[in-house]
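Shown next, in C-alpha cells, is the structure this report addresses.
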C-alpha cells in the first residue's frame, strides 16, 4: 500500500499548526519560549518527575481546535459512511466550504482518499491496538482513528503532529470523552512503520489472497477477481501485485480538449503537461481547475485517458457497406450517456465529421448533467433523450451508424479514483448487473444499422462484465462480427502500440497504461 503526502499540518493563520508542543510552540499556535516550570496555567503542579512530553502522553494538554484540512478529511469520511456519498463529489465542496488553500487542499485530499483507500488494512492494524471489536466503537471515533493511522503510516507527517492534531480534531467535533482512547490507540500504532505492521499482520496468515488483501488494501474477493481478469485478458497472473499497487497510487488528473472547440494552452500554462497516449489530452498539476476559463466554458474537461481512447476508437473505426444510404450523414448514439463525459467528446467528434449524436440517459437528474456537458457543442449536433436504454433498440431499430454502450458496471477498473468503492462492492453486484448489461447490449445491437458498429465498454476488467457478456451476444446471433479492438485503440493513440488487445477485444490497465481499466469490444453488424 502506498501513500503520498506532504509534511503539511494544514496550518492556517491564527490556528495551531501540525506541530505539537515544543519547537518554540506553546501548543496554541503562538511563538515564544517554552515554560519549563512544573505548574500548569492554573498553578497546579502536574509532575514531580522528569518533564513529561504532553504531546505524546497528555491528551488534555493538546489543542482543542480542529485543523481545517483534517476537518475536511473527517467530514468526507463521515459523509461516505453515513450518507453513502462519493468522496470525489463531497471533497471539492468541503474544500471550498472551508476555504482551503492549494497546499491544504492537497493535504486534505490525500488524507481523506488515503484513509478511505487503505481502510481494510488500517482496520486490521487498529484491531491489534483496540481492546474491543471495532464495530463496538462509535463510527465517528473509528473514522478519526483511520485518519490518524493514515498520517502515521503513509504520510510524511511527524508522529507527534499526527497524534496531537487527531486528538484535537476528536475533541473539537466528537467530544472530550474519546480523546484518551484515540491517544492510546494511535500511540500503539506509531510504534511500528507500515512495513512492520504489514509483516505483523501477514505473519498469522497462510493464504496468499489474504496476505495480498492486507498488503494492498483490497477485499479478498477483489484480489481474486483481478487475478481472474488478468488471465482472461491475456496478462500474466504475476502482475497482480503491480495492478493492486497501481490501484493505490494517487491518480493524476487527466484533461481533454474537445476537438475543434477547445485547446490546452491555458492548462499547459498553468503547469499541465501534454498527454503521451492520446491527442488533445494533458495531465494536470492539480489544484482548482475551475479557475481555468476553458474548463468553466466546458471546452476543456476532466476525463480519464482510457475513456478518451475508447470514445475515439468508436468514432474512428471503419464501418461496413450498407447500400446507397452510405453517403448520408452518420447518426451516432451514446446509449448510457450520464453524466456526459464521453458524450461531450463524441459530440465534438461528431460535429467535426458532420454527424449527429443522440445521448440517452434514464435518470432525469443525470440527463441534465449530460445536457450541461454537451452545452459547449453546437446544439444542432446533438439531442438528449431521457429514457430507458433498453427500449431504444425497439424504438429506433437500425437507425444508427455508431453506438457506444458504456454499461453500468462494478467500477472495479476505477478503484484508484473512487477510494471508497472497493469496500462497498460485493460479488453480488456482478450477478445483479449482468442481466442489465446484456439487455443494454442487445438494445444497442438492435439500434445499429447493418454495417454499423457497437462499442461495448465497461470500466471493469472482470470477465463476468466483459468477455462473458460479449460472448453471449455473439453466440445468440449470426449477423455479428468482432472487430480488432486492440488495433482500433492503437490507431487513435499517439504510441500506436498500446498492447491492450487480446483475442479481438481490448483491456487497458492502470499498471500498464496509467489509465482506468477500461474494456472495449467493437461489434459490427454484418451488412
In segment 300-326, anything within 22 Å of residue 526 (Cα to Cα) and either modelled with pLDDT under 95 or in a loop (DSSP other than H, G, I, E, B) (or both) is listed as 317, 318, 319, 320, 321, 322, 323, 324, 325, 326
When restricted to 413, 451, 496, 486, the only residue over 20 Å from residue 229 (Cα atoms) and either in contact (Cβ under 8 Å) with a residue 60 or more places away in the chain or part of a helix (DSSP H, G or I) (or both) is 451
In segment 75-108, anything within 16 Å of residue 421 (Cα to Cα) and buried (at least 21 other Cβ atoms within 10 Å of the Cβ) is listed as 76, 77, 80, 87, 91
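A quick yes/no check of all residues on (1) crowded, with 18+ Cβ neighbours inside 10 Å; (2) closer than 17 Å to residue 519 by Cα; (3) in contact (Cβ under 8 Å) with a residue 60 or more places away in the chain:
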position: 303; (1), (2), (3): yes, yes, no
position: 333; (1), (2), (3): yes, no, yes
position: 338; (1), (2), (3): yes, no, no
position: 348; (1), (2), (3): yes, no, yes
For segment 202-217, the count of residues that are in a helix (DSSP H, G or I) and either at pLDDT below 95 or surrounded by fewer than 19 Cβ atoms within 10 Å (Cβ to Cβ) (or both) equals 6
Of 411, 354, the only residue that is under 30 Å from residue 461 (Cβ atoms) and either assigned by TED's automatic domain parsing to the domain that holds residue 438 or surrounded by fewer than 24 Cβ atoms within 10 Å (Cβ to Cβ) (or both) is 411
Please determine whether any residue of segment 369-389 is under 21 Å from residue 80 (Cβ atoms) and in contact (Cβ under 8 Å) with a residue 40 or more places away in the chain.
no
Note on residue 348: of the conditions (1) within 14 Å of residue 448 (Cα to Cα); (2) not in a strand (DSSP E or B), unmet is (1)
message: Suppose the filter is at pLDDT 95 or above, at negative phi and not in a helix (DSSP H, G or I); does residue 191 pass it?
response: yes
Filtering segment 266-279 down to residues that are farther than 11 Å from residue 301 by Cα and in contact (Cβ under 8 Å) with a residue 24 or more places away in the chain yields 266, 275, 276, 277, 278, 279
Sole miss for residue 180 among (1) assigned by TED's automatic domain parsing to the domain that holds residue 130; (2) assigned to a helix (DSSP H, G or I); (3) surrounded by fewer than 16 Cβ atoms within 10 Å (Cβ to Cβ); (4) modelled with pLDDT of 95 or more is condition (4)
Checked against (1) modelled with pLDDT of 95 or more; (2) within 25 Å of residue 113 (Cβ to Cβ), residue 136 satisfies every condition except (2)
Can you find a residue that is in a helix (DSSP H, G or I) and in contact with a helix residue (DSSP H, G or I) (Cβ under 8 Å, 6 or more places away or on another chain) anywhere in segment 501-510?
yes
Note: among 405, 448, 453, just one is within 30 Å of residue 89 (Cα to Cα) and crowded, with 24+ Cβ neighbours inside 10 Å, namely 405
Filtering segment 359-394 down to residues that are touching a strand residue (DSSP E or B) at 6+ places or on another chain (Cβ under 9 Å), within 25 Å of residue 480 (Cβ to Cβ) and either part of a helix (DSSP H, G or I) or modelled with pLDDT under 95 (or both) yields 389, 392, 393
Within segment 160-177, the residues that are assigned to a helix (DSSP H, G or I) and surrounded by fewer than 18 Cβ atoms within 10 Å (Cβ to Cβ) are 172, 173
Residue 172 passes all but one of the listed conditions (1) under 18 Å from residue 114 (Cα atoms); (2) in contact (Cβ under 8 Å) with a residue 40 or more places away in the chain; (3) touching a helix residue (DSSP H, G or I) at 6+ places or on another chain (Cβ under 9 Å); the exception is number (1)
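The values are calculated or read from the model by the stated rules, or taken from the named source; none is laboratory data. Every value quoted in this text rests on a predicted model; they were computed, and no experiment measured them. Methodologically, a virtual Cβ is constructed for each residue, glycine included, from the backbone with ideal geometry; neighbour enumeration extends over all protein chains shown.
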